[in-house]
Structure formats: structure tokens, C-alpha cells
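The values are calculated or read from the model by the stated rules, or taken from the named source; none is laboratory data. Every value quoted in this text rests on a predicted model; they were computed, and no experiment measured them. Here Cβ is always computed from backbone atoms with ideal geometry, including for glycine, and neighbour counts include all displayed protein chains. These accessible areas exclude ligands, DNA and RNA; they are computed on the full protein's heavy atoms, side chains included. Shrake-Rupley method; radii C 1.70, N 1.55, O 1.52, S 1.80 Å.
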Amino acid sequence: QVQLVESGGGLVQAGGSLRLSCAASGRTFSSYVMGWFRQGPGSEREFVAAIRKSGSSTYGADSVKGRFTISRDNAKNTVYLQMNSLKPEDTAVYYCAVRPGSIVGVVPKQYDYWGQGTQVTVSS
């Protein structure tokens, strides 16, 4: 199996920044997509961004485009999410996920492996 461990969450004031990390271990694939989802209390899990092994990326809501940047280090089996200009509406648990192959999925059921999540709280 694949194990995913997120880190880097915390409390930050509006306008601040955080960098989330997700390290993968265990089973590996020749090609895989690594992505980020987020979920606030009482809300559906929402697609944030994903990146292919090649480095091409896809972003979800318009609200995160231009503020968040996804990247990956294939040698370290790690994906990052740089979050700038944070807003209170970004407050959520952020989850890392992996999908074998090279096709980006935008709904949770398209991903096979998940981390336990890391809390991001943005104060106003």
C-alpha cells in the first residue's frame, strides 16, 4: 500500500502564507498523480490542485488560482502546496491524495490513497 503523511498546517493570519508537504512511502508506480483536497466543517471535500509526474499541474476553484502553487519532488516522493495571501475562507483540513496513472481527477473517489489531513486555520 501507499502511505501519505501531510505536514505544514497551522494557524496563520489573513494575508499570510503556509507551505504544506506530503511525503509518500510504500508502494510506488511508474506514473502517478498527486493532489490536494480540502474540507471544512459540514462541507464537501473540494479539489484544490493536482500535479502529474511530468510536473504539469491543474487547479480547482478560481479562488485558489494565483495564490496557491503545487509542486513535487519525484526523487523524494513528495508533493507541496505553497499557499500565499491566505483568506479565512481557506480554513479547512487539507488532504493529500495519490492516483496511479497520468489523468488528473477532480473528485475524491478518483483517488486511491489518502493522508490523514492537516488543519489550516486562517484568522481575520
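Just a few scattered comments:
- Calculated FRET efficiency for the pair residue 73/residue 27, C-beta based, R₀ 22 Å, to 0.05: 0.75
- Around residue 2: net Lys/Arg minus Asp/Glu count, Cβ-Cβ under 9 Å: 0
- Residue 116-residue 84 FRET efficiency (beta carbon distance; Förster radius 35 Å; 0.05 resolution): 0.90
- Net charge in the neighbourhood of residue 71 (other residues with Cβ under 14 Å of its Cβ; Lys, Arg +1, Asp, Glu -1) is +4.
- Computed with a 1.4 Å probe over protein heavy atoms only, the accessible area of residue 91 comes to about 50 Å².
- Unit charges at the beta carbon, dipole of the chain: most positive-side option, 41, 75, 106: 75
- For the stretch 1-83, the set of GluC sites (Glu not before Pro) satisfying both a DSSP loop assignment and a count of at most 15 other C-beta atoms within 10 Å is given as 44.
- Protein heavy-atom surface of the chain, 1.4 angstrom probe: 46% of the accessible area is carbon and sulfur, with nucleic acids and ligands not counted.
- Accessible area per residue in Å² at 1.4 Å probe, computed on the chain: 50 Å²
- Here the spin labels are modelled as points 7 Å beyond Cα on the Cα-Cβ line, and at residue 103 and residue 14 they lie 4.1 nm apart.
- Each Lys and Arg contributes +1 and each Asp and Glu -1, all at the Cβ; summed about the Cα centre of the stretch 1-106, the dipole is approximately 340 debye.
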